[in-house]
Amino acid sequence: MGKTDLPIGIDIGGTGIKGAPVDLQKGAFADDRLRIPTPDVSTPKAVLEVVDQIVQHFDNIKSSSPIGITVPGVVKHGAVQTAANIDPSWIGFDAAAMFSKKLGRAVHLVNDADAAGVAEQHYGAARKTKGLVIVTTLGTGIGTALIYNGALIPNSEFGHLEIDGRGAETVAAASAHEREELSWQEWAERLQRYYSEMEKLFWPDLFVVGGGVSKQADKFLHLLDLRTDIVAAKLKNKAGIIGAAHLAAREH
Ligand code: BGC
């Protein structure tokens, strides 16, 4: 079989780096996802080696195909600006340019939650929603994507909203649920505080809840009492890869 020109999406997370070619018609993986553990010291250089391995693995993809890569931090013009949950050496680093040089392909770098938001908007839970959609990813941190009438407003960073003097993600991310061994009810009380505050500030039309824990949405979403509709992400933890590939194809 000849090579295909599908974009590849790669999701750089705290524990794993995952990638797959993406079928943009379907908004789905076109091949099995490959996951490699994130190096213990996750400097850009170490991560780049892993990203390269993932790209090489999909050898039926043409080298003219673009690559979309997510990072858990603010991205401005291809450079990472914050590193709440990754190695601080990423800050100020023009990662898109370096990755593109090493991989010999067009690279689009994007915040992880923004990528997930774009995917949910195009292919998932927010597909039919007009107005303001806020996609939140509950994981090690809290990522947020603001999408207004289909357009992404990037780098919203509302996981760092201060509530009662503490950063929201410290208190209400899925990692807090695990670390503090909270019951679903206890965790939901913290989520209630967070989403109520977000609702008061933004008056969104829909909240979408993503991240790995969204697989267990039936354990906590019904405990929340909000005026805004709140639903689980459809693409679950595939959203970052799909959204990054979608954006890369659109850019290049
Ligand atoms: C980072 C965000 C990221 C989120 C989820 C936060 O700590 O500041 O950029 O989207 O974690 O990974």
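The values are calculated or read from the model by the stated rules, or taken from the named source; none is laboratory data. Remember, predicted model here, so these are calculated numbers, not experimental data. Cβ coordinates were reconstructed from backbone atoms using ideal geometry, including for glycine residues, and neighbour counts include every protein chain displayed. Quick note on the areas: whole protein, heavy atoms, side chains included, nothing else; ligands and nucleic acids left out. Shrake-Rupley method; radii C 1.70, N 1.55, O 1.52, S 1.80 Å.
Here is how the numbers come out for the structure above:
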{"read-out": "Test: residue in segment 175-183 that is in a helix (DSSP H, G or I), within 25 Å of VAL80 (Cβ to Cβ) and either at pLDDT 95 or above or within 15 Å of the ligand (Cβ to nearest atom) (or both)", "value": "yes"}
{"read-out": "Search result, residues across segment 161-173 that are open to solvent by less than 20 Å² (accessible area, probe 1.4 Å) and within 9 Å of the ligand (Cβ to nearest atom)", "value": "ALA173"}
{"read-out": "Pair list, Cβ under 9 Å, 6 or more apart: segment 15-30 residue in the same structural domain as GLY211 (by TED's automatic domain parsing), other residue open to solvent by 50 Å² or more (accessible area, probe 1.4 Å)", "value": "none"}
{"read-out": "Strands (runs of 3 or more DSSP E) enclosed by segment 8-89 - at least 3 residues per element that are surrounded by fewer than 18 Cβ atoms within 10 Å (Cβ to Cβ) and either among the hydrophobic types (A, V, I, L, M, F, W, C) or touching a Gly at 6+ places or on another chain (Cβ under 7 Å) (or both)", "value": "34-37"}
{"read-out": "Every residue from segment 107-121 that is more than 15 Å from the ligand (Cβ to nearest atom) and either of a type in the set (Val, Ile, Thr) or surrounded by fewer than 18 Cβ atoms within 10 Å (Cβ to Cβ) (or both)", "value": "VAL107"}
{"read-out": "Enumeration of residues in segment 140-160 that are among the polar types (S, T, N, Q) and open to solvent by less than 40 Å² (accessible area, probe 1.4 Å)", "value": "THR144, ASN155, SER156"}
{"read-out": "Selection within segment 190-201 - more than 14 Å from the ligand (Cβ to nearest atom) and crowded, with 16+ Cβ neighbours inside 10 Å", "value": "ARG190, LEU191, GLN192, TYR195, SER196, GLU197, MET198, GLU199"}
{"read-out": "Test for THR136: is it near the ligand (Cβ under 10 Å from one of its atoms), open to solvent by 40 Å² or more (accessible area, probe 1.4 Å) and either free of Cβ contacts under 8 Å to residues at least 12 places away in the same chain or not in a loop (DSSP other than H, G, I, E, B) (or both)", "value": "no"}
{"read-out": "Close pairs from segment 35-62: first free of Cβ contacts under 8 Å to residues at least 24 places away in the same chain and more than 16 Å from LYS101 (Cα to Cα), partner assigned to a helix (DSSP H, G or I) and among the charged types (D, E, K, R), Cβ under 9 Å, at least 6 apart", "value": "PRO39/GLU49"}
{"read-out": "Flag for ARG127 being within 30 Å of ALA249 (Cα to Cα), more than 13 Å from the ligand (Cβ to nearest atom), of a type in the set (D, E, K, R) and out of contact with any Asp or Glu (no Cβ under 7 Å at 6 or more places or on another chain)", "value": "yes"}
{"read-out": "Answer residue from segment 143-153, given it is more than 6 Å from the ligand (Cβ to nearest atom) and in a strand (DSSP E or B) and is nearest to TYR194 (Cα to Cα) among those", "value": "THR144"}
